[in-house]
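What follows is a set of notes on a single structure, which appears directly below.
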Ligand SMILES: [Zn+2]
Ligand SMILES: [Zn+2]
């Protein structure tokens, strides 16, 4: 199984899970915030291999290009408000997802979890025979549910309080940003605290997502989470290709 990162920030999010052999590839797209042309290129224009697209919420950095997939005949799994905002040409290929429901997407099993953002948002537990279970949570200031037997965490560490405080004090970041972040995104210490409460027995790696360009310090995020969990931790960037 390969995980290809096409974007992991407020500029655009998209991840590709690629299972199977070259002859019979099965790809699951996670988030649609990167231009469709870039996704097609990353798939070597083999769109037939895509079993579906999962979209967490309606913000452009996650959903902007979702309709392009649907218009190409690929099934898109998204919240009702995301589907509502799509052009009519895309709607027939959209499936509404609901919290605490499971879906079979090709050889992938997907379970949907509620997140806490400033618009309706979902996280996913994605399971495939080749990689085990991945816990995916982004754009959320808190995570309510913990799931057993997770092999990989893909989890938001959006900002560091230390960096945000400094930026607000120096005027680089406006003070109201703190109020917005508190109700929408995950601070790195919160990410670490959440993970320490999880059963990490089967966890191989922690991948951190969606870091803020201005209000985070990558090394600090990694250090905090690695210290708290004792698991190899790294930040995902566009262009990364990881074997799971
Ligand atoms: Zn986002
Ligand atoms: Zn968002």
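The values are calculated or read from the model by the stated rules, or taken from the named source; none is laboratory data. What you see is a predicted model, and the numbers here were worked out from it, not measured in a lab. As a convention, Cβ positions derive from the backbone with ideal geometry for all residues, glycine included, and neighbour counts pool all protein chains shown.
May I ask you to verify whether residue 83 is away from ligand 1 (no atom under 16 Å from the Cβ), closer than 15 Å to residue 53 by Cβ and not in a helix (DSSP H, G or I)? No, not satisfied. The set of residues from segment 186-210 being surrounded by fewer than 23 Cβ atoms within 10 Å (Cβ to Cβ) and either modelled with pLDDT under 95 or in a loop (DSSP other than H, G, I, E, B) (or both) comprises 197, 198, 199, 200, 201, 202, 203, 204.
Residue 147 falls short on exactly one of the conditions (1) in contact with a helix residue (DSSP H, G or I) (Cβ under 8 Å, 6 or more places away or on another chain); (2) part of a loop (DSSP other than H, G, I, E, B), and that condition is (1). Evaluating residue 61 against the criteria (1) away from ligand 2 (no atom under 16 Å from the Cβ); (2) within 19 Å of residue 239 (Cβ to Cβ); (3) in a helix (DSSP H, G or I); (4) touching a strand residue (DSSP E or B) at 6+ places or on another chain (Cβ under 8 Å) leaves one unmet condition, (1).
Within segment 158-185, the set of residues being assigned to a helix (DSSP H, G or I) and away from ligand 2 (no atom under 16 Å from the Cβ) comprises 161, 162, 163, 164, 165, 166, 167, 168, 169, 170, 176, 178.
Among residues of segment 131-143 being more than 15 Å from ligand 2 (Cβ to nearest atom) and either at pLDDT below 95 or assigned to a strand (DSSP E or B) (or both), the one that is farthest from residue 10 (Cα to Cα) is 132.
Exactly one residue out of 33, 52, 7 is assigned to a strand (DSSP E or B) and within 11 Å of ligand 1 (Cβ to nearest atom): that is 7. Checking the stated criteria, residue 82 turns out not to satisfy the condition of being crowded, with 19+ Cβ neighbours inside 10 Å, at pLDDT 95 or above and more than 16 Å from ligand 2 (Cβ to nearest atom). Scanning segment 69-77 turns up at least one residue that is under 29 Å from residue 157 (Cβ atoms), more than 16 Å from ligand 1 (Cβ to nearest atom) and more than 17 Å from the chain's Cα centre (by Cα). Looking across segment 103-116 at every residue that is over 13 Å from the mean Cα position of the chain (by Cα) and outside any strand (DSSP E or B), the one that is surrounded by the fewest Cβ atoms within 10 Å (Cβ to Cβ) is identified as 107.
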